[in-house]
Amino acid sequence: QVDLVESGGGLVQPGGSLRLSCVVSGIIFTNYHMQWFRQAPGKQREWVGRIRIGGSTTYADSVKGRFTISRDNVENIVYLQMNTLKPDDTAVYYCQPLGMNSWGQGTQVIVSS
């Protein structure tokens with residue numbers, strides 16, 4: 001059973017940066033593409049981006065050019081570097097292995113002045 005532990009969220013001013021981490025256990029990490037999602041208050045969960053096993057990435061248009069996903073295949077961690085944050089980025093952020101319907105507790109990001 002996969003275990004997903006997200007961290008790194010917090011309160012940040014518009015234009016600021018945060019780096020989120022997701023520690024993954026219970027699966028062979030290098031066998032999975034990894035994804036980030038987010039859910040804003042009152043909205044449906046939204047796909048943010050994906051990093052494939054080989055390291056290539058794809059992003060939602062809303063975050064392209066501002067967010068970067070990376071992975072550490074030794075420590076089994078996937079990261080989400082978020083730059084130039086906007087109030088619309090306020091949400092709870094989740095990671096997920098592609099193809100698995102499993103969720104961690106998420107980490108809250110609030111972008112506000």
(request) Give the peptides 63-75, 28-40 in descending order of average Cβ contacts within 10 Å, highest first. (result) 28-40, 63-75
(message) Using only the Cα atoms of region 1-49, what are the Rg and Dmax in Å?
(response) 13.3, 38
(request) Kindly report, to the nearest 10 Å², the accessible surface of SER25 as traced by a 1.4 Å probe over protein heavy atoms only. (result) 50
(request) Determine ³J(HN,Hα), in whole Hz, for all residues of region 72-83 in sequence, where each value follows from phi through the Karplus function 6.51 cos²θ - 1.76 cosθ + 1.60 and θ = phi - 60°; x replaces Gly and Pro. (result) 10, 7, 8, 8, 6, 10, 10, 10, 10, 8, 10, 10
(request) With the full set of protein chains in place, find how many percent of the accessible area of region 1-93 is carbon and sulfur; take the probe as 1.4 Å. (result) 47
(request) State in Å² the accessible area per residue of region 71-113; use a 1.4 Å probe, count heavy atoms of protein chains only, and round to the nearest integer. (result) 48
(request) Give the residues of region 73-103 whose amide nitrogen is closer than 17 Å to a point set 7 Å from the Cα of GLN13 in the direction of its Cβ. (result) 83-88
(request) Would you mind checking which residues have amide H under 5 Å from LYS86's amide H? H placed 1.01 Å from N; only 5 or more apart, or other chain. (result) GLY15
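The values are calculated or read from the model by the stated rules, or taken from the named source; none is laboratory data. Computed from a prediction, not measured in an experiment: that's the story for all the values here. Please note: Cβ atoms are built from the backbone with ideal geometry, for glycine as well, and neighbour counts cover all protein chains shown. The accessibility values were calculated without ligands, DNA or RNA, using every heavy atom of the protein model including side chains. Shrake-Rupley method; radii C 1.70, N 1.55, O 1.52, S 1.80 Å.
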